[in-house]
1. Report whether or not E311 is over 23 Å from A373 (Cβ atoms), more than 12 Å from the ligand (Cβ to nearest atom) and open to solvent by less than 10 Å² (accessible area, probe 1.4 Å).
2. In the range 239-255, which residue that is under 26 Å from A351 (Cα atoms) and of a type outside the set (D, E, K, R) is nearest to the ligand (Cβ to nearest atom)?
3. I want to confirm something. Restricting to the range 240-270 and keeping residues that are assigned to a helix (DSSP H, G or I) and either of a type in the set (D, E, K, R) or touching a His at 6+ places or on another chain (Cβ under 8 Å) (or both), which single residue is surrounded by the fewest Cβ atoms within 10 Å (Cβ to Cβ)?
4. In this structure, does L121 turn out to be away from the ligand (no atom under 11 Å from the Cβ) and at pLDDT 95 or above?
5. Regarding the range 403-421, can at least one residue be identified that is within 16 Å of the ligand (Cβ to nearest atom), surrounded by 10 or more Cβ atoms within 10 Å (Cβ to Cβ) and β-branched (V, I, T)?
6. Out of curiosity, is G364 surrounded by fewer than 19 Cβ atoms within 10 Å (Cβ to Cβ) and more than 22 Å from R305 (Cβ to Cβ)?
7. Within the bounds of the range 317-339, is there any residue that is more than 22 Å from V215 (Cα to Cα) and either surrounded by fewer than 24 Cβ atoms within 10 Å (Cβ to Cβ) or touching a Phe, Trp or Tyr at 6+ places or on another chain (Cβ under 7 Å) (or both)?
8. In this structure, does E104 turn out to be more than 21 Å from C370 (Cβ to Cβ), assigned to a loop (DSSP other than H, G, I, E, B), touching an Asp or Glu at 6+ places or on another chain (Cβ under 8 Å) and not small (G, A, S)?
Amino acid sequence: MEIKTHELRCTGCGAIINGEDARSDFRCPACNDLYEVRYPGWSPTAEASDAWSAKRNLPNPNALRWLWKERRDSSLSIDQSGVWRFRDLFPILTDMNKAVTLREGNTPLYEMPRCAAAVGLEWLLAKHQGMNPTGSFKDTGMTTALSVAAERGFEWVACASTGNTSAAMAAYAARAGLRSLVLIPEGKIAWGKLAQSMDYGAMTVQLKTDFDGCVRVLAELVKRHPIYLLNSVNPYRLEGQKTPAIEMVEQMDWQVPDHVIVPGGNLANSSALGKGFAEMKLLGLIDRVPKISVIQAEGANPLYRWFINDERIMQPVTADTRASAIRIGNPASWRKCARVIETMGGYCEQASEQEIALAKAQIGAEGIGCEPASAVTLAGLKKLIAQGRVEREERVVLLLTGHTLKDSEYTIAYHRGDLLRPEEMATATAEQAAQHAALCKPPVVLEADVDVVLRTLDTEMKKSGQQRMGQA
Ligand code: F0G
């Protein structure tokens with residue numbers, strides 16, 4: 001008899017189904033809401049009355065910690081993966097050795113001393129998910145969901161994307177020998193991401209619409225063809241995307257940060273991290289959960305509007321922001337994310353184009369860098385501090401979701417002074433304007449003459465000496 005390792009629970013009406021029985025669009029036929037994966041004996045959502053939770057079967061936290069550490073020395077690919085190393089918390093495959101992995105995860109947790117000083121915190125860390133194999137956090141969820149697709153015998157996988165999901169899906173599909181179909185909004189994703197999906201051999205389709213339009217088309221396609229949907233409505237994506245929460249606290253010696261700040265687009269990542277923390281608490285791996293706050297771009301802010309609205313109504317918006325990864329007006333996972341914010345006590349904020357550009361330059365100046373969508377975290381943090389919602393001594397972790405090379409055009413335009421329109425720059429406070437002036441480093445074109453280069457270098461050295469004196 002095959003042992004059932006997991007099942008799917010509708011987060012709307014609570015209906016429970018087997019993993020293989022989900023509809024192709026991963027929506028509940030009764031209430032249209034999304035599923036989450038749960039496990040026998042230890043899922044936080046298990047009801048007291050159900051058979052699984054009656055026999056509470058909690059893995060031992062100390063044994064888990066030890067096992068996860070041991071696996072770091074293993075030569076098995078599944079152990080070297082910073083996602084599958086934690087596979088005890090997501091037994092979703094029948095044969096775990098069939099996992100499709102690029103050794104994702106294992107991402108650094110960086111100290112951010114300059115950003116901490118700039119915002120007035122004693123302590124600030126960044127968990128850089130852009131250091132994954134395809135340059136974004138999407139790899140952590142793609143390795144799990146695509147492995148399920150491969151195990152269930154699908155030949156084609158597909159996603160609608162603002163660029164990072166498609167890059168990750170194309171890479172993992174290629175590793176597994178599957179074909180992949182990418183639907184992206186024409187002209188609205190960064191070139192590097194488009195290049196990745198072509199390089200990894202996906203069928204890349206640019207639709208004359210936005211991300212939300214691509215999602216609508218794909219939802220119909222998967223009903224008519226046996227194509228496995230790999231957007232984040234697929235609950236197996238979130239199982240991988242919860243592992244950075246585990247890795248983060250492991251890197252902090254099992255201390256829990258006070259506050260984790262995440263960018264919000266389709267709102268699956270914040271939901272996944274919330275699930276990860278809740279499960280760790282249930283298992284006794286940690287004794288409390290952090291606040292999780294979600295930051296959106298001002299031009300793509302449906303969750304922010306929900307948050308500030310007394311009636312808490314979600315209304316889709318027509319999205320527009322240069323942080324193209326989060327240019328999403330109708331986020332699929334908003335209910336899951338809203339639950340995380342409400343139960344874990346976080347907030348939602350928004351950041352303007354000017355604020356995002358400044359935050360991105362500040363993260364770049366740490367020698368770390370990230371793509372624009374990730375920089376909303378620092379921009380939002382500044383607001384939470386100003387509102388008194390984050391205190392000086394709080395231990396905050398920013399979740400940086402994408403690598404700086406994902407969108408180099410944005411970075412070059414910023415440093416050339418071509419990114420922000422004058423009316424956007426005009427929204428900067430005097431302090432922000434001074435920060436922009438100090439951070440903006442336009443490339444200079446000079447004659448290939450030592451004296452000319454030296455003269456220019458002298459001027460730059462004087463300028464930075466003056467800036468240092470000004471700061472002292
Ligand atoms: N940051 C980056 C770099 C992203 O690519 C995304 C989403 C997000 C943040 C937001 O995460 O959707 O879980 O709230 N990118 C998706 C894509 C939508 O298609 O690549 P979310």
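1. On the way: over 23 Å from A373 (Cβ atoms): yes; more than 12 Å from the ligand (Cβ to nearest atom): yes; open to solvent by less than 10 Å² (accessible area, probe 1.4 Å): no.
Considered against the rule, which asks whether it is over 23 Å from A373 (Cβ atoms), more than 12 Å from the ligand (Cβ to nearest atom) and open to solvent by less than 10 Å² (accessible area, probe 1.4 Å), E311 comes out as no.
2. The qualifying residue nearest to the ligand (Cβ to nearest atom) is Q241.
3. Of the range 240-270, the ones assigned to a helix (DSSP H, G or I) are 240-241, 243-251, 268-270.
So of that shortlist, the ones also either of a type in the set (D, E, K, R) or touching a His at 6+ places or on another chain (Cβ under 8 Å) (or both) come out as 247, 250.
On the way: E247: 23, E250: 19.
By that ranking, first place goes to E250.
4. yes
5. Of all residues in the range 403-421, those within 16 Å of the ligand (Cβ to nearest atom) come to 403-411.
Now restrict to residues that are surrounded by 10 or more Cβ atoms within 10 Å (Cβ to Cβ): 403-411.
Keeping just the survivors that are β-branched (V, I, T) gives 404, 411.
Checked against the condition, which is being within 16 Å of the ligand (Cβ to nearest atom), surrounded by 10 or more Cβ atoms within 10 Å (Cβ to Cβ) and β-branched (V, I, T), the range 403-421 yields at least one hit.
6. yes
7. So far as the range 317-339 goes, yes, one or more of its residues are more than 22 Å from V215 (Cα to Cα) and either surrounded by fewer than 24 Cβ atoms within 10 Å (Cβ to Cβ) or touching a Phe, Trp or Tyr at 6+ places or on another chain (Cβ under 7 Å) (or both).
8. Taking the combined requirement at face value, the residue does not satisfy it.
The values are calculated or read from the model by the stated rules, or taken from the named source; none is laboratory data. The structure displayed is predicted, hence computed values, not measured ones. Ideal geometry is used to build each Cβ from the backbone, glycine not excepted, and the neighbour counts take in all protein chains shown. Ligands, DNA and RNA are stripped out before the accessible areas are found, and what is left, the full protein with its side chains, is counted by its heavy atoms. Shrake-Rupley method; radii C 1.70, N 1.55, O 1.52, S 1.80 Å.
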